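To start, the structure itself, in C-alpha cells.
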Amino acid sequence: KASNILLDNSMNPKISDFGLAKTFGGDQSQGNTKRVVGTYGYMSPEYAVDGIFLMKSDVFSVGVILLEMLSRQKNMGFSHPDHHLNLLGHAWTLWNQEKPLELIDKTLSDSCIISEVLRCIHVGLLCVQRVPEDRPSMSSVVLMLSSDITLPPPKQPGFYTERSVPGSPSWMPPCSADNFITMVEGRNIALRTLFVCSLFFSFVRTSTTNTLDTISPNQYIRDDQTLVSAGGTFQLGFFSPGKLTGRYLGIWYTISNEVVVWVANRETPLDDSSGVLKVTDQGVLVLLNSSNGIVWSSNSSRTVDNPVSQLLDSGNLVVKDANETNPDNFLWQSFDYPCDTFLPEMKLGWDFVIGLERYVSSWKSTEDPARGEFSLRMTPHGLPQLVVMKGDKIQTRSGSWNGVQLTGAMRRSSPSEFAFFLNKDEVYYEYRLLNRSIPSRYVLTPSGIAQWFIWIENTYSWEPFFQTQQDECEIYAFCGAYSSCNTRDAPVCACLKGFIPKLTEHWNSQNWSDGCIRNTPLACSYKDKFFKYTSFKLPDTSSSWFDKSMSLNECKRLCLENCSCTAYANLDIRDGGSGCLLWFGDLTDIRTFQSDSQDLYIRVASSELDDIEKKSKFKKKRQAGVVISSVLFLVVMLIAGFILYIRKKKLRNQALRKKDDLGEDGEDRELPLFDFNTIVHATNGFSSRNKLGEGGFGPVYQGTLIGGKEIAVKRLSKDSGQGMREFKNEVILIAKLQHRNLVKLLGCCTQDDEKILIYEFMANRSLDFYIFDQERAKLLDWPKCFHIIDGIARGLLYLHQDSRLRIIHRDLKASNILLDNDMNPKISDFGLARIFGADQSRGNTKRVVGTYGYMPPEYAVDGIFSMKSDVFSFGVVLLEILSRQKNRGFWHPDHHLNLLGHAWTLWIQNIPLELIDKSLSDSCTISEVLRCLHVALLCVQQVPEDRPSMSSVVLMLSSEVALPPPKQPGFYTERTLPDDLSRVRDLSENNFSTTLLEAR
C-alpha cells in the first residue's frame, strides 16, 4: 500500500513492512490461509473472500497504488457525487466512457506526458482485474511501463459494485452471503461491525467445504472442489502440472500444493475441467469425464453396505465401510498403488497372499505424471533388498535389512524410524516420523534419483536431507565382481584380498566392470578359510540364503560344506548378532564405508589367507621399528617450545589481519566464518575426487557438511593472482546480493592464511560443461536454453539496476554460469566485480583482469569498464549458446574471423541460421532464435554507447518490440593463425580462462 512505500533522499521508492509476507517455493504459484490479514482497499478479491494469496495478489495492490498516485485519491473512502463506486469502479467507468484523463489530478496536468499517463492508467486497470489469471505478471508490468508494446483491453476490476454508504437514503447494514469482506486484523476496527453477517456466511461456507474429508455415494468432487484430510495435512483435487492443460486427480500437501504425492489418472489425463470423482454403491471410486465415461477407477473384489471414500491424514485415500477403522478391512487404498512418492506409514514391498507389489515409480518428466522408466522396489529373490531400477535393470541398491538399517545405507541421524517386516505372507519396508510436526517424503525423480526431503518451517520450503547416486560407488556393480568401491581411494575400485583383475588391460584403463577373479581356486573343503571385512556394504543378496535361528559358527560350517558358498554373515546384527546369511555365486556391488558397518566373511583359499597373514606380520615388525624414534624425544621437546611460540605469534597476527581484511565490526561481512577443519572434513581433505574444476584463481571442490548439506568450496591458490583484496571484494559483494539468478554464498574461511569461499552446490555444474560438449549439448534443448538466457539477463539486470549496489561483474563467461537441479542459471565468481555509485556510468583501471574472448574492446585496450562491458560479455555468451562454439579459438575453413566476426558475416549475408548448432534445430522456435541472435549482435557492437542496457535486453528477449539493426562487432578482424590447424584446435580446448593483463 502507499504507506508502505518509503522514499529516500533522492525520492527512490523502497518497499517496506514485510510482517505479512509469505515465502513461496520455486514452482509454487499460490497459497491459502485461514487468517486473512491486510488493509481494506488494497486486498484482491480472491484473498479477501477465500484467503487465497498468490503473486497476482500483489499485482492487484500495485494497480490500486498506481490509480491512487494518478488520482491523488484513496481507494478506500473514495466518494463521487454521481455514484457510489470506489476508486477502481470510478476509473473503470471513465475508461469505458473514453474520458480516462478526468481521473488525473490537476497537480499532474502541467508536468505530465499524456501518452505516459494514459499508459499508466491502462496498466493500472489491467492490474486490478477481478480474475487473477487476467492480471499481468510483474515482469509484464515492467515491460508494459518501459516500452511501447500493444496492451490488451482491461476487463472489469475487482470489487466493482455500487456501495451503500452512510448518509445515502438506501444505506442499511448489509447481511448477505454475497458481500466480500472477511476478517482483517488491526485495520479500521469501526468497519468490522458493518460486515458481521458477511463474516458469518463466509465462515459457514468455509466450514462446510474446506473441512470435508469423506464422500459417500450421494456426493462427488468436481474440478473446483477438494477433499481435505481431518488434520489438514493433505488435499485431494484436480490439477494441471507445469504448462500442461490436461487435468489430473491428485493428492498434495496443504503447506505446499505444488508437491503432488499421488496421481490417480496418471496415464489418462482429462481434456478439460469437467471431471467428477465419486464413489459407487459397490464401493468403487470412479473418475468420470464430460461424457460420463470412466477415465480411472479403483478395484475391489469385496463390497460393503455403506461405502465411503476418505482422505486420511497420512495422505492415504481409502475406500471402506463408513464405520470401519481397521486398515486390513479397507476395500481399496492409494497406499497400495504409490506413484513417485514414498510417504511415512506406506508399505514398500510384496503381499504374497494376493500377489500385490507395492513400489514407487517415477514421473515421465517433471510435467508429465505418466509412469516413467525408473522404479523403487523391494526384490523378493534371496534376502529381499531395496533397489532403484531402470526398466528391468538395477541402477542403485540400498541393500537388505540387518536388524538396524539397510546394509547399503551409511549411518546418519534421521527424523524417522525405519522398520522391515518379513514372513511367509508379506515382506515390506516402511518408515514413521519421530516428530509428526516435521513432514518428510521420499521421492523418485524422473532421472532416477531417490531424494529424501524434510519440510523446514522457518524457510517455508522442502530441503533435501539425502539422495542416492551421490558418487560413482552408488552405481550398481560399478567395480564388478569380487571388488570393492571406495571414493577415498585412487583408483576407486580394488580387488578383494585373494583376488586379481579378470582382464588386466581393461582394469588398468579404468574399465572395472569385468571385476576380479580368484588368484587361487578354492579347495572346496574345510581347508578353505574366510577373510573378515568390517567396513563393507554387503554384496547383492539376490542369490543368497538365510536362516533366522542359526549361530555364526553354524553358518560358517554350512558354508564350508557347500562349494558354491562364497561368503557368510549374521542376518541380524543386534545383541551381538544372530541368524545366518549365505551367498552363492559371485559377490557384486560392494563398497567400503568409512566406519564399521557389519562383519562379512569372504571365502578364500587357505594359501591366500596365509600370504595375507604373513604380509600383516611383516607390517607389524616394520612398525615396531618406530620405537627407535623415541631417542629423539628430548629433541622434540626442545623444538616443541619454539613451535608453540611461533604458532601463538602467527595466530595473533592472523586475528589482527582478519579484523583488517574482513571488517572489524562485521558490517562488511554479513555471513559466517567457517572453521578450516570443517572444510577439510567436508571435502575429504581437498581430495582430487571431490574436485569439480579449476579456474585461474584456484580449484573448486564439492563437499558435504555434517548433516548432509552439499556445498561448493572455492580455494584460492597461494600463487593465484587473486589476493586478499579480490577475496574481500567477492565476500562483501555476494553477501549483500540476493537474487534467484545469482549463486548464494554460505560463508568464508581465512584461517591459516587460507582464502576459501563456501557456496551452495550446483548439481548440474556450469554452462560450458554442456554447450561445448557434443553429447551433453543435446541435453539442453531450446526451451531450456532460452530459460537460461533469460535468467542470465535478469541476473545481470539485478546487478546493474535493481540491487542495493550497482555492480559490474567484469568476468561474465560460460564457465561462470552455474546450473542448479532445475537448470536455473546462477551467475558466480565476483572476485573481479566492481561497485559503481548511483550516478557513475564507467570506471578505469590500470590492471586489466578478465578472460580472453569475453572482454570488450574498450576494456582490453584502454582499461575502461562500464555496465556495457558486461553487456558485451553477455552477447558473447549468447552467441556461444546458439552456436555451441567458443569465441576464443573459433575456427572456420573459409576465414580467420572469431565467433563474433563469423556471426556478423552470416548476418550481413542474410543467412544467420547457419550459425545455429544442429542440436537445437529440432526443438527451437525460429523467431525466438533469430531474435536472440539479433540481440547478441547488438550486445557485442564495438562502440559501448551502441550496445543496449540490460533492461533493454530483457525487454527485447521477452517481447516483440522492434529491434534496431546491429553494427559491426568488437574485435571484427582477420586473425593470423598458425598453419598447423591442430594448434588452433589446441587453443580452443584450453580450459584456463582467467587472464591478467598489466596496464598498457
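The values are calculated or read from the model by the stated rules, or taken from the named source; none is laboratory data. The model shown is predicted, which means the values in this text are computed figures rather than measured ones. Don't worry about glycine lacking a Cβ; one is built from the backbone with ideal geometry, like all the others, and counts go over all protein chains shown.
Of all residues in region 148-172, exactly one satisfies the criterion of being at pLDDT 80 or above and of a type in the set (Gly, Ala, Ser), namely GLY158. When ARG358, ARG371, ARG432 are checked against the criterion of being touching a helix residue (DSSP H, G or I) at 6+ places or on another chain (Cβ under 7 Å) and under 27 Å from ILE255 (Cα atoms), ARG358 stands alone in meeting it. Checking each residue in region 66-75 for being under 15 Å from TYR160 (Cβ atoms) and surrounded by fewer than 18 Cβ atoms within 10 Å (Cβ to Cβ) picks out no residue at all. Select, from LEU920, LEU963, LEU915, LEU957, the only residue that is at pLDDT below 95 and closer than 16 Å to ASP790 by Cα. None of the other options fit; the residue is LEU957.
Give me the pairs, please: first residue somewhere in region 138-160 and over 21 Å from MET43 (Cβ atoms), second residue anywhere and of a type in the set (Ser, Thr, Tyr) and part of a loop (DSSP other than H, G, I, E, B), beta-carbon distance under 6 Å, and either six or more positions apart or on two chains. Final answer for the pair search is LEU143/SER959; ILE149/SER959. Taking the listed residues ALA777, ALA793, the one that is in contact (Cβ under 8 Å) with a residue 40 or more places away in the chain, touching a Ser or Thr at 6+ places or on another chain (Cβ under 7 Å) and not in a loop (DSSP other than H, G, I, E, B) is ALA777, with no other qualifying.
Pairs are defined by a Cβ separation below 9 Å, a sequence spacing of at least 6 or placement on different chains, a first member in region 383-401 that is on the phi > 0 side of the Ramachandran plot, and a second member that is among the small types (Gly, Ala, Ser) and part of a loop (DSSP other than H, G, I, E, B); the pairs so defined are GLY399/GLY408; GLY399/ALA409. When region 213-259 is limited to residues that are out of contact with any Ser or Thr (no Cβ under 8 Å at 6 or more places or on another chain) and in a strand (DSSP E or B), the one that is surrounded by the most Cβ atoms within 10 Å (Cβ to Cβ) turns out to be LEU249.
Scanning region 595-607 for any residue that is surrounded by 10 or more Cβ atoms within 10 Å (Cβ to Cβ), within 42 Å of the chain's Cα centre (by Cα), at pLDDT below 90 and not hydroxyl-bearing (Ser, Thr, Tyr) turns up at least one such residue.
Take the residues in region 457-475 that are crowded, with 17+ Cβ neighbours inside 10 Å and of a type in the set (Phe, Trp, Tyr), then tell me which one is nearest to the chain's Cα centre (by Cα). Checking each candidate, the answer is TRP462.
Of all residues in region 386-428, how many are surrounded by fewer than 19 Cβ atoms within 10 Å (Cβ to Cβ) and in contact with a Lys or Arg (Cβ under 7 Å, 6 or more places away or on another chain)? Qualifying residue count for the region: 5.
Being exposed (fewer than 14 other Cβ atoms within 10 Å of the Cβ), touching a Gly at 6+ places or on another chain (Cβ under 6 Å) and either on the phi > 0 side of the Ramachandran plot or not in a strand (DSSP E or B) (or both) is the requirement here; does THR303 meet it?
yes
Among the residues making up region 950-960, a single one is surrounded by 15 or more Cβ atoms within 10 Å (Cβ to Cβ) and in a loop (DSSP other than H, G, I, E, B): SER959. Only residues that are buried (at least 18 other Cβ atoms within 10 Å of the Cβ), out of contact with any Phe, Trp or Tyr (no Cβ under 9 Å at 6 or more places or on another chain) and in a loop (DSSP other than H, G, I, E, B) were counted in region 890-916, giving 3. Among the residues of region 320-361, those identified as assigned to a strand (DSSP E or B), closer than 22 Å to PHE418 by Cβ and either in contact (Cβ under 8 Å) with a residue 40 or more places away in the chain or not assigned by TED's automatic domain parsing to the domain that holds SER414 (or both) are GLN333, THR341, PHE342, LEU348, GLY349, TRP350, ASP351, ARG358, VAL360, SER361.
When residues of region 736-770 are filtered for being in contact with a Ser or Thr (Cβ under 9 Å, 6 or more places away or on another chain) and within 20 Å of LEU878 (Cα to Cα), how many remain? Count: 6. Condition first: at pLDDT 75 or above and among the aliphatic types (A, V, I, L, M). Now tell me which residues in region 726-753 satisfy that. Correct list: VAL731, LEU737, LEU742, VAL743, LEU745, LEU746.
Here are THR541, THR520, THR566, THR592: which of them is touching an Asp or Glu at 6+ places or on another chain (Cβ under 7 Å) and β-branched (Val, Ile, Thr)? That would be THR520, the only listed residue that is touching an Asp or Glu at 6+ places or on another chain (Cβ under 7 Å) and β-branched (Val, Ile, Thr).
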